[in-house]
Structures are given as structure tokens and as C-alpha cells.
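Visitor: Okay, here's the structure, questions in a sec.
The values are calculated or read from the model by the stated rules, or taken from the named source; none is laboratory data. Being a predicted model, the structure only gives us computed values, none of them experimental. Backbone-built Cβ (ideal geometry, glycine too); neighbour counts: all protein chains shown.
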């Protein structure tokens, strides 16, 4: 039974999630209005595996979205939490 419920939970995770920022982010003369997230690869996961808390979440979002961490630091908390919640569903 557990395998069936785990399979259903996996199916419910969208392949990709676009988060449109509540507030534009400007970094290095570039304006960011959104990020796109997807299931991380094992190599991406390794980049933040030894980190904890907000630092791990920030690194995970930046790595998967392929944007500088400085952009992620400027995200509003609701946007940051939405990204973190999505990525955490894979673990």
C-alpha cells in the first residue's frame, strides 16, 4: 500500500513550477520577474546537501533556477517559501 500512495504523491508534483515574483528583483543591471523550478538532479542536490536551514533553501533555489544567490536573497518571503515548498516535495 505504501508504494501506491508514494507513487500517487510523486505524480502530483508538477514537472515545472514558474514563480512570478510579487516584486521585481534587480541584480547586476538585470531585472528578474520570475524563476522556473524543476526536479533537481543528483548533481544539483549535492551542491546544497551539507547546508542547513535558509542557507540550504537559498542555494537549492538558486541552483535549480540557475540564477545568482543574490537574486534569491531579495525574494519576498512568500515567494521564497513557495519555491522551498515545491523543491522539498522531491525529498
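Visitor: Anything in segment 29-44 that is under 20 Å from residue 16 (Cβ atoms) and either touching a helix residue (DSSP H, G or I) at 6+ places or on another chain (Cβ under 8 Å) or exposed (fewer than 12 other Cβ atoms within 10 Å of the Cβ) (or both)? List them, or say none.
Guide: Within segment 29-44, 32, 33, 35, 36, 37, 38, 40, 41, 42, 43, 44 qualify.
Visitor: Now, a different point. Quick one: which residue in 87, 76 is touching a residue at least 40 places away in the same chain (Cβ under 8 Å) and under 12 Å from the mean Cα position of the chain (by Cα)?
Guide: 87
Visitor: Which ones in segment 63-79 are in a loop (DSSP other than H, G, I, E, B) and touching a strand residue (DSSP E or B) at 6+ places or on another chain (Cβ under 8 Å)?
Guide: Scanning segment 63-79 gives 67, 68, 74, 75, 76.
Visitor: Quick one: what pairs do we get from segment 26-41, first residue within 12 Å of residue 60 (Cα to Cα), second exposed (fewer than 11 other Cβ atoms within 10 Å of the Cβ), C-beta under 7 Å, 6+ apart or different chains?
Guide: 37/16; 38/15; 38/16
Visitor: For residue 82, all conditions in the list (1) modelled with pLDDT of 95 or more; (2) exposed (fewer than 11 other Cβ atoms within 10 Å of the Cβ); (3) in a helix (DSSP H, G or I) hold save one; what is the number of the exception?
Guide: (2)
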